[in-house]
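Report on the following structure.
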Amino acid sequence: MPMEGLTRDQIDQIQFLDIESRLQGVDRSWSPNTVRVRMVLNYKKIPYVESYISYPDIRAFGEKYDLPLNTNYDPPRSTLPAILIRDKQGKVIKAMLDSRTISELLDKLYPDPPIFLLPMGDEDTSKDGTTVTMRRFVRLLSPAWGAGHNIVVPSIPSILDPRAKVYFVEDRAKDDPLGQNRSPEDWGAENPEDDWEPFIKELKALAELFVHSTESSPFLAGDKPCYEDFMLAAFITWFKRGSEANFKRLIQAGERDDGVNVLKRFYEACRPWVEGHGEVVELKD
Ligand SMILES: N[C@@H](CCC(=O)N[C@@H](CS)C(=O)NCC(=O)O)C(=O)O
(Lines give C-alpha, C1' and ligand atoms only; values in the text may rest on other atoms or scores of the structure.)
Protein backbone atom coordinates (compact mmCIF):
# COMPACT_ATOMS: atom_id res chain seq x y z
CA MET A 1 0.00 0.00 0.00
CA PRO A 2 1.92 3.10 -1.15
CA MET A 3 1.96 5.68 1.63
CA GLU A 4 3.79 8.55 -0.02
CA GLY A 5 3.20 10.46 -3.22
CA LEU A 6 -0.51 9.77 -3.50
CA THR A 7 -2.06 12.05 -6.12
CA ARG A 8 -5.66 12.98 -6.76
CA ASP A 9 -5.83 11.34 -10.16
CA GLN A 10 -5.05 7.97 -8.57
CA ILE A 11 -8.15 8.21 -6.43
CA ASP A 12 -11.39 6.65 -7.55
CA GLN A 13 -13.18 6.53 -4.21
CA ILE A 14 -12.76 7.79 -0.65
CA GLN A 15 -14.60 5.75 1.95
CA PHE A 16 -15.09 7.37 5.34
CA LEU A 17 -15.48 5.06 8.32
CA ASP A 18 -17.62 6.36 11.15
CA ILE A 19 -18.80 4.82 14.42
CA GLU A 20 -22.22 3.18 14.38
CA SER A 21 -25.02 4.43 16.59
CA ARG A 22 -28.70 3.68 16.79
CA LEU A 23 -29.56 7.23 15.72
CA GLN A 24 -30.95 7.76 12.25
CA GLY A 25 -30.25 10.04 9.29
CA VAL A 26 -28.03 13.06 9.92
CA ASP A 27 -27.95 12.23 13.64
CA ARG A 28 -26.30 8.85 13.09
CA SER A 29 -22.82 10.36 13.27
CA TRP A 30 -21.96 11.46 16.79
CA SER A 31 -18.30 11.07 17.69
CA PRO A 32 -16.22 14.18 18.45
CA ASN A 33 -13.36 12.64 16.49
CA THR A 34 -15.17 11.33 13.42
CA VAL A 35 -17.37 14.39 12.91
CA ARG A 36 -14.21 16.48 12.36
CA VAL A 37 -13.27 14.47 9.29
CA ARG A 38 -16.87 14.48 8.06
CA MET A 39 -16.74 18.27 8.25
CA VAL A 40 -13.49 18.46 6.30
CA LEU A 41 -14.94 16.22 3.57
CA ASN A 42 -18.13 18.24 3.37
CA TYR A 43 -16.53 21.67 3.55
CA LYS A 44 -14.07 20.81 0.81
CA LYS A 45 -16.87 19.16 -1.21
CA ILE A 46 -14.78 16.02 -1.57
CA PRO A 47 -16.87 13.16 -3.01
CA TYR A 48 -17.00 10.27 -0.54
CA VAL A 49 -18.98 7.25 0.50
CA GLU A 50 -19.37 6.29 4.13
CA SER A 51 -19.76 3.18 6.24
CA TYR A 52 -20.43 2.67 9.90
CA ILE A 53 -18.60 0.23 12.15
CA SER A 54 -19.89 -0.83 15.55
CA TYR A 55 -17.40 -0.35 18.42
CA PRO A 56 -16.65 -4.07 18.93
CA ASP A 57 -15.75 -4.42 15.23
CA ILE A 58 -13.25 -1.54 15.02
CA ARG A 59 -10.39 -3.76 16.08
CA ALA A 60 -10.93 -6.33 13.30
CA PHE A 61 -11.23 -3.49 10.79
CA GLY A 62 -7.90 -2.03 11.92
CA GLU A 63 -6.21 -5.43 11.71
CA LYS A 64 -7.59 -6.12 8.27
CA TYR A 65 -6.14 -2.90 6.87
CA ASP A 66 -3.04 -3.05 9.00
CA LEU A 67 -3.74 0.35 10.52
CA PRO A 68 -1.32 1.68 13.12
CA LEU A 69 -2.66 1.48 16.66
CA ASN A 70 -3.73 4.55 18.58
CA THR A 71 -1.23 4.77 21.42
CA ASN A 72 -3.41 7.09 23.50
CA TYR A 73 -5.13 3.95 24.72
CA ASP A 74 -3.50 1.48 27.08
CA PRO A 75 -3.07 -1.01 25.54
CA PRO A 76 -3.02 0.71 22.13
CA ARG A 77 -6.00 -0.01 19.89
CA SER A 78 -7.56 0.77 16.53
CA THR A 79 -9.82 3.80 16.50
CA LEU A 80 -12.13 5.66 14.17
CA PRO A 81 -12.32 7.83 12.15
CA ALA A 82 -10.52 6.08 9.32
CA ILE A 83 -10.55 6.42 5.57
CA LEU A 84 -9.92 3.95 2.77
CA ILE A 85 -8.82 5.31 -0.57
CA ARG A 86 -9.38 3.09 -3.62
CA ASP A 87 -8.04 3.26 -7.15
CA LYS A 88 -10.03 2.60 -10.32
CA GLN A 89 -9.52 -1.13 -9.93
CA GLY A 90 -11.20 -0.93 -6.53
CA LYS A 91 -7.93 -1.67 -4.75
CA VAL A 92 -7.29 0.08 -1.43
CA ILE A 93 -4.22 2.23 -2.08
CA LYS A 94 -4.29 4.00 1.26
CA ALA A 95 -5.87 3.26 4.62
CA MET A 96 -5.40 5.59 7.53
CA LEU A 97 -6.79 6.64 10.90
CA ASP A 98 -6.58 9.64 13.21
CA SER A 99 -8.70 12.69 12.53
CA ARG A 100 -5.85 15.16 12.23
CA THR A 101 -3.63 12.93 10.07
CA ILE A 102 -6.55 12.24 7.75
CA SER A 103 -7.47 15.92 7.59
CA GLU A 104 -3.89 16.88 6.76
CA LEU A 105 -3.82 14.38 3.91
CA LEU A 106 -7.17 15.55 2.58
CA ASP A 107 -5.97 19.15 2.78
CA LYS A 108 -2.88 18.23 0.78
CA LEU A 109 -4.91 16.41 -1.87
CA TYR A 110 -7.74 18.97 -1.97
CA PRO A 111 -6.08 22.26 -0.95
CA ASP A 112 -9.01 24.49 -1.91
CA PRO A 113 -10.54 25.75 0.32
CA PRO A 114 -7.72 25.62 2.89
CA ILE A 115 -8.56 24.60 6.46
CA PHE A 116 -5.39 25.15 8.44
CA LEU A 117 -5.81 28.88 8.85
CA LEU A 118 -4.85 29.65 12.42
CA PRO A 119 -1.32 30.73 13.25
CA MET A 120 0.45 28.28 15.52
CA GLY A 121 1.78 30.42 18.34
CA ASP A 122 0.39 31.83 21.56
CA GLU A 123 0.89 35.46 20.80
CA ASP A 124 -1.90 37.64 19.43
CA THR A 125 -0.68 38.69 16.05
CA SER A 126 -3.48 40.83 14.72
CA LYS A 127 -3.48 44.60 15.03
CA ASP A 128 -6.43 44.58 17.38
CA GLY A 129 -5.02 41.67 19.38
CA THR A 130 -7.90 39.33 18.63
CA THR A 131 -6.33 36.66 16.47
CA VAL A 132 -7.06 33.19 17.73
CA THR A 133 -4.00 31.00 17.57
CA MET A 134 -4.00 27.23 17.43
CA ARG A 135 -2.31 26.87 20.80
CA ARG A 136 -4.63 29.33 22.46
CA PHE A 137 -7.61 27.41 21.10
CA VAL A 138 -6.32 24.03 22.27
CA ARG A 139 -5.45 25.49 25.67
CA LEU A 140 -9.10 26.42 26.04
CA LEU A 141 -10.71 23.38 24.40
CA SER A 142 -8.77 20.82 26.48
CA PRO A 143 -10.08 21.89 29.90
CA ALA A 144 -13.61 22.24 28.50
CA TRP A 145 -13.30 18.70 27.16
CA GLY A 146 -12.13 17.48 30.56
CA ALA A 147 -14.79 19.36 32.51
CA GLY A 148 -17.60 18.19 30.21
CA HIS A 149 -16.55 14.56 30.19
CA ASN A 150 -18.76 13.39 33.04
CA ILE A 151 -21.70 15.18 31.45
CA VAL A 152 -21.40 13.82 27.93
CA VAL A 153 -20.02 10.29 28.40
CA PRO A 154 -22.99 9.12 30.55
CA SER A 155 -25.29 10.07 27.65
CA ILE A 156 -23.48 7.95 25.07
CA PRO A 157 -24.41 4.32 25.93
CA SER A 158 -28.08 4.97 25.21
CA ILE A 159 -27.36 6.16 21.65
CA LEU A 160 -25.20 3.16 20.74
CA ASP A 161 -26.36 0.05 18.92
CA PRO A 162 -26.90 -2.81 21.39
CA ARG A 163 -23.55 -4.62 20.83
CA ALA A 164 -21.64 -1.37 21.01
CA LYS A 165 -23.42 -0.41 24.20
CA VAL A 166 -22.27 -3.60 25.93
CA TYR A 167 -18.71 -3.06 24.67
CA PHE A 168 -18.61 0.61 25.62
CA VAL A 169 -20.05 0.18 29.11
CA GLU A 170 -17.64 -2.67 29.93
CA ASP A 171 -14.63 -1.03 28.35
CA ARG A 172 -15.10 2.46 29.75
CA ALA A 173 -15.86 1.15 33.26
CA LYS A 174 -12.05 0.80 33.52
CA ASP A 175 -11.85 4.59 33.20
CA ASP A 176 -14.33 5.29 35.99
CA PRO A 177 -13.09 8.60 37.44
CA LEU A 178 -13.72 7.23 40.95
CA GLY A 179 -11.89 4.01 40.13
CA GLN A 180 -14.94 1.94 41.07
CA ASN A 181 -15.53 0.28 37.71
CA ARG A 182 -18.90 1.94 37.39
CA SER A 183 -20.74 2.06 34.11
CA PRO A 184 -20.14 5.41 32.37
CA GLU A 185 -23.90 5.91 32.67
CA ASP A 186 -23.31 6.52 36.39
CA TRP A 187 -20.38 8.92 36.17
CA GLY A 188 -22.42 12.10 36.61
CA ALA A 189 -22.18 13.90 39.96
CA GLU A 190 -25.00 13.33 42.43
CA ASN A 191 -25.83 17.00 42.06
CA PRO A 192 -25.53 17.66 38.29
CA GLU A 193 -24.66 21.28 39.05
CA ASP A 194 -21.34 20.08 40.43
CA ASP A 195 -20.49 18.95 36.90
CA TRP A 196 -22.10 21.86 35.09
CA GLU A 197 -20.61 24.70 37.07
CA PRO A 198 -16.96 24.05 36.14
CA PHE A 199 -17.96 23.09 32.61
CA ILE A 200 -19.82 26.33 32.01
CA LYS A 201 -16.83 28.25 33.31
CA GLU A 202 -14.60 26.61 30.69
CA LEU A 203 -17.19 27.10 27.96
CA LYS A 204 -17.44 30.78 28.71
CA ALA A 205 -13.66 31.08 28.39
CA LEU A 206 -13.89 29.30 25.02
CA ALA A 207 -16.75 31.51 23.90
CA GLU A 208 -14.54 34.53 24.48
CA LEU A 209 -12.61 33.47 21.40
CA PHE A 210 -15.70 34.57 19.48
CA VAL A 211 -15.93 37.97 21.09
CA HIS A 212 -15.69 39.62 17.65
CA SER A 213 -18.13 37.25 15.99
CA THR A 214 -20.59 38.78 13.54
CA GLU A 215 -23.36 37.24 11.46
CA SER A 216 -21.07 37.08 8.43
CA SER A 217 -17.94 36.21 10.41
CA PRO A 218 -18.95 33.58 12.97
CA PHE A 219 -15.80 31.40 12.95
CA LEU A 220 -12.57 31.41 14.95
CA ALA A 221 -10.55 32.94 12.12
CA GLY A 222 -13.38 35.15 10.86
CA ASP A 223 -15.57 34.51 7.84
CA LYS A 224 -13.99 31.19 6.79
CA PRO A 225 -14.07 28.04 8.91
CA CYS A 226 -10.87 26.26 9.83
CA TYR A 227 -9.89 22.89 11.28
CA GLU A 228 -10.18 24.16 14.86
CA ASP A 229 -13.77 25.22 14.13
CA PHE A 230 -14.39 21.65 13.06
CA MET A 231 -12.86 20.38 16.33
CA LEU A 232 -15.17 22.60 18.32
CA ALA A 233 -18.28 21.90 16.26
CA ALA A 234 -17.63 18.15 16.52
CA PHE A 235 -17.23 18.49 20.29
CA ILE A 236 -20.58 20.30 20.48
CA THR A 237 -22.19 17.67 18.22
CA TRP A 238 -21.12 14.96 20.69
CA PHE A 239 -23.21 16.65 23.38
CA LYS A 240 -26.11 17.23 21.01
CA ARG A 241 -26.33 13.63 19.87
CA GLY A 242 -26.11 12.35 23.43
CA SER A 243 -28.73 14.73 24.86
CA GLU A 244 -30.58 17.66 23.36
CA ALA A 245 -30.93 19.10 26.89
CA ASN A 246 -27.16 19.01 27.44
CA PHE A 247 -26.64 20.65 24.06
CA LYS A 248 -29.05 23.46 24.86
CA ARG A 249 -27.35 24.15 28.15
CA LEU A 250 -23.89 24.08 26.57
CA ILE A 251 -24.97 26.57 23.90
CA GLN A 252 -26.37 28.92 26.54
CA ALA A 253 -22.80 29.54 27.70
CA GLY A 254 -22.20 31.38 24.42
CA GLU A 255 -24.45 34.30 25.32
CA ARG A 256 -22.48 37.53 24.97
CA ASP A 257 -23.16 40.72 26.96
CA ASP A 258 -25.03 42.21 24.00
CA GLY A 259 -27.43 39.24 24.02
CA VAL A 260 -25.95 37.59 20.90
CA ASN A 261 -25.19 33.93 21.40
CA VAL A 262 -21.85 33.39 19.64
CA LEU A 263 -21.82 29.62 20.15
CA LYS A 264 -25.31 29.26 18.71
CA ARG A 265 -24.36 31.39 15.73
CA PHE A 266 -21.16 29.42 15.29
CA TYR A 267 -22.85 26.02 15.50
CA GLU A 268 -25.64 26.98 13.10
CA ALA A 269 -23.01 28.13 10.59
CA CYS A 270 -21.22 24.77 10.93
CA ARG A 271 -24.32 22.60 10.64
CA PRO A 272 -24.22 21.97 6.88
CA TRP A 273 -20.79 20.39 7.27
CA VAL A 274 -21.76 18.49 10.43
CA GLU A 275 -24.84 17.05 8.78
CA GLY A 276 -23.58 16.42 5.25
CA HIS A 277 -23.39 12.74 4.42
CA GLY A 278 -21.90 10.59 1.67
CA GLU A 279 -23.76 7.64 0.24
CA VAL A 280 -23.85 4.88 2.85
CA VAL A 281 -22.26 1.69 1.51
CA GLU A 282 -21.55 -1.72 3.02
CA LEU A 283 -18.02 -2.25 4.22
CA LYS A 284 -16.58 -4.58 1.60
CA ASP A 285 -13.23 -6.17 0.84
N1 LIG B 1 -6.92 10.98 18.17
C2 LIG B 1 -7.85 10.09 17.53
C3 LIG B 1 -8.87 9.60 18.55
C4 LIG B 1 -9.84 8.62 17.95
C5 LIG B 1 -10.62 7.88 19.01
O6 LIG B 1 -10.21 7.82 20.19
N7 LIG B 1 -11.74 7.28 18.60
C8 LIG B 1 -12.55 6.49 19.51
C9 LIG B 1 -14.02 6.84 19.43
S10 LIG B 1 -14.42 8.52 19.70
C11 LIG B 1 -12.49 5.03 19.10
O12 LIG B 1 -12.56 4.72 17.92
N13 LIG B 1 -12.34 4.14 20.06
C14 LIG B 1 -12.32 2.73 19.78
C15 LIG B 1 -12.50 1.95 21.05
O16 LIG B 1 -12.65 2.53 22.11
O17 LIG B 1 -12.50 0.72 20.93
C18 LIG B 1 -8.52 10.80 16.37
O19 LIG B 1 -8.68 12.02 16.46
O20 LIG B 1 -8.87 10.15 15.39
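The values are calculated or read from the model by the stated rules, or taken from the named source; none is laboratory data. Owing to the predicted nature of the structure, the values given are computational and were not obtained by experimental measurement. Cβ placement follows ideal geometry from the backbone for every residue including glycine, while neighbour counts extend to all protein chains displayed. Note: accessible area is taken over every heavy atom of the protein model, side chains too, but ligands, DNA and RNA are not part of it. Shrake-Rupley method; radii C 1.70, N 1.55, O 1.52, S 1.80 Å.
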Along the charge dipole of the chain, which of Ile93, Asn191, Ala253 sits closest to the positive end, that is, farthest toward it, with unit charges on the beta carbon of Lys, Arg, Asp and Glu (+1, +1, -1, -1)?
Ile93
Neighbour-limited loop hits for trypsin sites (Lys or Arg not before Pro), the stretch 243-285 (at most 11 other Cβ within 10 Å; DSSP other than H, G, I, E, B)
Lys284
Here the gain from full extension of Asp27 to Val211, 0.36 nm per residue of separation minus their alpha-carbon distance, amounts to 63.3 nm
Phi-derived 3J(HN,Hα) across the stretch 181-186 with the Karplus relation (6.51, -1.76, 1.60, θ = phi - 60°), rounded Hz, x for Gly and Pro, is 6, 6, 4, x, 4, 9
Would you mind checking Lys224/Lys248; Lys88/Lys108; Lys108/Lys204; Lys45/Lys201; Lys44/Lys174; Lys165/Lys224 for any pair whose Cα atoms are more than 29 angstrom apart?
Lys108/Lys204; Lys45/Lys201; Lys44/Lys174; Lys165/Lys224
Answer with one residue from Cys270, Pro143, Gly5: the one whose Cα lies farthest towards the positive end of the charge dipole of the chain, charges on Cβ with Lys, Arg +1 and Asp, Glu -1.
Gly5
Quick check on packing: order 93-99, 234-240, 168-174 by the mean number of other C-beta atoms within 10 Å, highest mean leading.
234-240, 93-99, 168-174
If R0 is 22 Å, what FRET efficiency do you get for Glu268 and Ile46 from their C-beta distance, rounded to 0.05?
0.45
Descending packing, highest mean Cβ count within 10 Å first, for 221-233, 18-30, 61-73 is 221-233, 18-30, 61-73
Kirkwood hydrodynamic radius of the stretch 164-285 from all distinct Cα pairs, in Å?
16.6 Å
Run the simple label-point estimate for Val281 and Leu178 please: 7 Å along Cα→C-beta, distance reported in nm.
4.8 nm
Sorted by packing (mean other beta-carbon atoms within 10 Å per residue), highest first, where do 112-121, 154-163 land?
154-163, 112-121
Could you give the distance between the Cα centres of the stretch 243-275 and the stretch 45-91, to the whole Å?
31 Å
Amide H of Ala82: which non-local residues (sequence gap of 5 or more, or other chain) have their own amide H closer than 5 Å, using H built in the peptide plane?
Leu17
Which percent of the accessible area of the stretch 134-274 is formed by carbon and sulfur heavy atoms (probe 1.4 angstrom)?
51 percent
What dipole magnitude, in Debye to the nearest 20, does the chain give about its Cα centre under +1 on Lys/Arg Cβ and -1 on Asp/Glu Cβ?
580 debye
Note down, for the chain, the three equivalent ellipsoid semi-axes (square root of 5 times each alpha carbon gyration tensor eigenvalue), biggest first, whole angstrom.
30, 26, 16
Helix-only mean residue ellipticity at 222 nm, the chain, DSSP H runs n ≥ 4 weighted -39,500 (n - 2.57), per residue, nearest 500. What is it?
-12500 deg cm²/dmol
Along the Cα→Cβ direction, 7 angstrom out, place labels at Glu255 and Asp194. What is the inter-label distance in nm?
2.6 nm
Selection from Val169, Leu117, Ile102, by position along the positive dipole direction of the stretch 66-198 (Cβ)
Ile102
Using the Cα centre as the reference, give the magnitude of the dipole from point charges on the C-beta atoms of the stretch 1-92 (Lys, Arg: +1; Asp, Glu: -1; all else neutral), rounded to the nearest 20 debye.
240 debye
For Asp112 and Lys91, extending 7 Å from Cα along the Cα-Cβ vector and measuring point to point gives, in nm, a value of 3.1 nm
With every protein chain kept in place and a 1.4 Å probe, the stretch 134-274 has an accessible area per residue in Å² of 46 Å²
